[in-house]
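Structure first, then comments.
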Amino acid sequence: MNISSLMEAAIFNPRSIQSPGGWVGHLPFASWVIQQISPKIFVELGTHSGNSYFTFCQSVVESGISVKCFAIDTWQGDAHSGTYGNEIFTKVSDHNQKYYADISQLLRTTFDDAVNYFNDESIDLLHIDGLHTYEAVRHDFEIWLPKLAPGAIVVFHDTNVREHGFGVWKLWEELQSIYHNNLEFLHSHGLGVLQLNNAPTDKMLEWLQPSYPEKQQLINYFSSLGAFQFASFELQNLKKILLDKDVLISNWEKGETERDVLIDNLNKAAIILNNKVDQYEIQVNHLDEQLQISRGLVFKYTEILQSIYNSNIWRLLTPLRYFGQQRLKVKRMMTALSSPICNALFNSHQQSITHFKDKSKHRADSLIVRPEILFISHEASRTGAPIFLINLIKSLKRQLNVDCIVILRQGGALEDEFNSIAETVVLSHNQELSEIDLEILSKRNIKLIYSNTITNGPIQKQFKDLNIPIICHVHELGFSIENFFSKTNLEQVLDTTTLFLSGSKAVSSYLNKSLSIPEDKINLAYPFVNVAQNQKKLSNLPKVLDIKDDVLVVGTCGTFCHRKGPDIFVQIAQLVLQKTNCSIVFVWVGGSLSNEDYLKLRQDTKLMGIDNSVIFLDSVESHIPYLSEFDIFLLPSREDPFPLVVLDAGSLGIPVVCFEGAGGAPELIEDDAGRVSRYLDINEISDAIVELSENSALREKLGQRLKEKVTSNHDIDVGSKKISTLISHYL
């Protein structure tokens, strides 16, 4: 055995030691053993704050040996280490980038997913330090065993812990009877080291063999070094505690002085406030006296006024009063009409009373009164449901010859477009209609109310007494309905809706099975897009993405929110880029770049090392030019009833990949127009993207089939006609 290498281990000084300190006692051995083995590939399962991993890395750099190091962890914690936030990973990543970027890579994923990133018989040194139950550590060893090179070394931490559900000791005893070349350190929670039985002669480590005479001396040597290392760690912690204590004492003394000043100021302020309270009490008592006097006068004059109203003279003068009032109104109106300022004030006053025009006064001038449909939308944002509603209103006006009224519960980018196609009213946030609004609407020729979302319960309830049929077109699914909208809202919708339209079979199933709505009250009505208009936009279209023609584009469209899955999008991107040599760029269109989520996503892509291959674009007026440059459309949503962007992508012949169980998209994609993967299985969906990326003929075939399906079943002429037929029964 090389004595000088043992001496170097004694003077090894770790660059970074962080809490928890369970591994600290084994750092000298780690620095020594990796130089003895000189592995081509070293993998650590469970890195946490990085004490063991960075010791291995530091020893590699300082010794000059050639080793590729990989740390695998979710950096979220587990039942034994406890859960923790992203700050641990950020600290580990920064340290790794600063000192070991050339030899080390952090893989933020599960052990089971990461095993596919390595070839069989490629790993020479494996350190297992994940969840410490017997079942978990045995599972980790068994699934990684095929990846170990002949004669590989495996290190297990916590072999000497037998409480709190730890089971490494049990597996270690089993493995010792199989792999006889091993040794175990009992200090610092225990560390087991074994060599696989199939070691070539030149890789056999004699100090692990049962007959090695100095094995116990080696164990005692590193136990002593470990004890010294741990004592140094504890000493540093004690020094830090003492320093923190001194700071706390200083801050406390400073705070005590500030507290005395604050108390003195508060006492002065209390005196001032007490004086003001006394003054206010005097004023309140005076106002109360005035109020009692006023109430007496109101009661007195009310009695006098009522006696006048009850008199016969008042009744006889009714016609005269009416004509006098009308004459006065006409006179005032003529004066107002001659004054622009008065005219503006008059209009403003009218708008403050009601949002709507009372067309009942003008019906005598018209021989034909067309039926009206009242539409309710939750907002006018440039998103799927409002865009769908605009296209639906245009089609219904053409097909049914009706007038349309639109109530927008919130405004947005599409307000002007709504105004251009219908009489449109924008309510303030959460505002309901006034009694005057309802009175005027009751006089209109409204035959049907069409609510374009399940979130309009309070407005639907207001219309209940008008006895107008209400259709509710549901574009939401269970998680959103049950977690983001109130129970009261849902009860109001269920109580007032005549017929439910569902945006997909997935929505129909939820309405029937979870909300117990009878099947005869649910009608499937898929959203639709204007296929011809989408394709027309492609003519003479300039390039909008600054991406080379030989680079494949995998894209999606949507806002940044948990339901849309932007975090899943970047994880899929990372896997795809690791699995293929194709030049690929991932593009997300439509997320607000001023959103906090964007900053988090950009930071994630940077730490994942894929920031040059992932592009985020802000909200755009039209996403069609961007879609036209996609080669594959990726839908990473956790829940999306039936997104219009999938139909838009299909109308352009772009194949789609999505998750099963995340909404209605699989009903369209099936197995002939893209790929459908198991719910949130990012490994499976990344394989699907790799398959399509490497096979242009398959992409063309699936995209063409999707285009045919969208054109046949989801074009505006097809989809709007079905809804038009349903609505016509109510007109």
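The values are calculated or read from the model by the stated rules, or taken from the named source; none is laboratory data. Everything quoted here is computed from the prediction, not taken from an experiment. So basically every Cβ, Gly included, is an ideal-geometry build from the backbone, and we count neighbours across all protein chains shown.
Take the conditions of a type outside the set (A, V, I, L, M, F, W, C), within 30 Å of the chain's Cα centre (by Cα) and in a helix (DSSP H, G or I) and apply them to residue 535. Does it pass? No; evaluated as a whole, the condition is false for this residue.
The rows are residues; the columns are (1) modelled with pLDDT of 95 or more; (2) not aromatic (Phe, Trp, Tyr).
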site	(1), (2)
631	yes, yes
639	no, yes
658	yes, yes
675	yes, yes
685	yes, yes
690	yes, yes
715	no, yes
719	no, yes
730	no, no
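With respect to residue 96, determine if the residue is out of contact with any Cys (no Cβ under 7 Å at 6 or more places or on another chain), in the same structural domain as residue 184 (by TED's automatic domain parsing) and surrounded by fewer than 19 Cβ atoms within 10 Å (Cβ to Cβ). So residue 96 fails the test. Whenever a residue of region 428-449 is of a type in the set (Asp, Glu), its partners that are in a loop (DSSP other than H, G, I, E, B) and surrounded by 14 or more Cβ atoms within 10 Å (Cβ to Cβ), lying with C-beta atoms within less than 6 angstrom and at least six residues away or across chains, give the pairs 437/354; 437/355; 437/356.
Checked against (1) part of a strand (DSSP E or B); (2) closer than 30 Å to residue 681 by Cβ; (3) of a type in the set (A, V, I, L, M, F, W, C), residue 155 meets all criteria but (2).
Results for (1) free of Cβ contacts under 8 Å to residues at least 24 places away in the same chain; (2) touching a Ser or Thr at 6+ places or on another chain (Cβ under 9 Å), shown as yes or no for each residue.
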| site | (1), (2) |
| --- | --- |
| 22 | no, yes |
| 32 | no, yes |
| 35 | no, yes |
| 39 | no, no |
| 56 | no, yes |
| 66 | no, yes |
| 70 | no, yes |
| 74 | no, yes |
| 101 | yes, no |
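Between 129, 124, 112, 102, the distinction of being modelled with pLDDT under 95 and buried (at least 19 other Cβ atoms within 10 Å of the Cβ) belongs to 129 only. Does residue 89 satisfy the criteria of being more than 30 Å from residue 205 (Cβ to Cβ), in a helix (DSSP H, G or I) and in contact (Cβ under 8 Å) with a residue 60 or more places away in the chain? Answer is yes for this residue.
Residue-wise test of (1) surrounded by fewer than 22 Cβ atoms within 10 Å (Cβ to Cβ); (2) more than 30 Å from residue 619 (Cα to Cα); (3) modelled with pLDDT of 90 or more; (4) touching a Pro at 6+ places or on another chain (Cβ under 9 Å).
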position: 431; (1), (2), (3), (4): yes, no, no, no
position: 439; (1), (2), (3), (4): yes, yes, no, no
position: 454; (1), (2), (3), (4): no, no, yes, no
position: 464; (1), (2), (3), (4): yes, yes, no, no
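Report, by residue number, each residue of region 565-608 that is charged (D, E, K, R) and either more than 15 Å from the chain's Cα centre (by Cα) or surrounded by fewer than 19 Cβ atoms within 10 Å (Cβ to Cβ) (or both). Passing the criteria: 567, 579, 596, 597, 600, 602, 606. Here residue 94 meets each of (1) without any contact (Cβ under 8 Å) to a residue 24 or more places away in the chain; (2) not in a helix (DSSP H, G or I) with one exception, condition (2). For region 171-216, which residues satisfy the criterion of being charged (D, E, K, R), surrounded by fewer than 14 Cβ atoms within 10 Å (Cβ to Cβ) and over 46 Å from the mean Cα position of the chain (by Cα)? Correct list: 202, 206, 214.
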